[in-house]
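Colleague: Take this structure first; my questions come after.
The values are calculated or read from the model by the stated rules, or taken from the named source; none is laboratory data. This is a predicted model, so every value here is computed, not measured. Every residue, glycine among them, receives a Cβ derived from its backbone with ideal geometry; neighbour counts consider all protein chains shown. The protein model used for the area step is the full one, side chains on, heavy atoms only, and it has no ligands, DNA or RNA in it. Shrake-Rupley method; radii C 1.70, N 1.55, O 1.52, S 1.80 Å.
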Amino acid sequence: MKELKFETVFKIFDTIHELPEDEQILIHKASSVLPKAYAPYSHFHVGAAILLENGKIVTGTNQENASYPIGLCAERIALAAASSIHPDLKIKTIAVTIKNFNKPTLEPVSPCGTCRQVLLEKEQQSGEAIKILLKGEGEKIYVLSSVSSLLPLSFGSKDLK
Ligand code: THU
């Protein structure tokens, strides 16, 4: 018998000012689209901003539906937009911010399982790590250096070949 262990390593910065300028801009961009979220059911607004390899930024917000399960997370909206508009450009970084109208949510939230799988697809497609920046309503920022660390023992294209 052999036992394997996975570790998720992430950095916690006390304020956005500790980050490089391009990452600060990306987080601000994600926050700036929060009012575009369509979340009349959960009242939980999410904004995502994707930095592409040529410096362009593509954003997305969560879009809910009266048929609850078909609502889409901000991350997947932004990823689909980036891939549709710029299919040949690699994704460098994604920033995700939130505004919870139900209760103050100071800590960052982490992408859901489905979004992790979609993020992983893009990371494996490009062959380069996608950095993840997470911000709640407080000052703290969580930084993860790759998607694979968020989704260990994953299913992917390798399993189909
Ligand atoms: N949501 C996101 O957009 N991203 C996440 O990382 C977590 C959850 C959305 C889905 C739904 O519209 C609302 O937040 C509450 O789950």
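Colleague: Considering each of GLU75, GLU23, GLU53 in turn, give the residue that is in contact with a strand residue (DSSP E or B) (Cβ under 8 Å, 6 or more places away or on another chain), open to solvent by 60 Å² or more (accessible area, probe 1.4 Å) and closer than 21 Å to SER148 by Cβ.
Modeller: Step by step, each of GLU75, GLU23, GLU53 is checked, and only GLU53 is in contact with a strand residue (DSSP E or B) (Cβ under 8 Å, 6 or more places away or on another chain), open to solvent by 60 Å² or more (accessible area, probe 1.4 Å) and closer than 21 Å to SER148 by Cβ.
Colleague: Search segment 43-72 for residues being in contact with a Phe, Trp or Tyr (Cβ under 9 Å, 6 or more places away or on another chain) and part of a loop (DSSP other than H, G, I, E, B), and hand back the single one that is nearest to ASN102 (Cα to Cα).
Modeller: HIS43
Colleague: Can you pull out the residues in segment 73-100 that are assigned to a strand (DSSP E or B) and within 13 Å of the ligand (Cβ to nearest atom)?
Modeller: ILE94, ALA95, VAL96, THR97, ILE98, LYS99, ASN100
Colleague: For segment 109-149, which positions are crowded, with 20+ Cβ neighbours inside 10 Å and assigned to a loop (DSSP other than H, G, I, E, B)?
Modeller: PRO111, ILE130, VAL147
Colleague: In the list THR15, THR8, THR114, which residue meets the criterion of being out of contact with any strand residue (DSSP E or B) (no Cβ under 7 Å at 6 or more places or on another chain) and modelled with pLDDT under 95?
Modeller: One residue alone meets the criteria, THR8.
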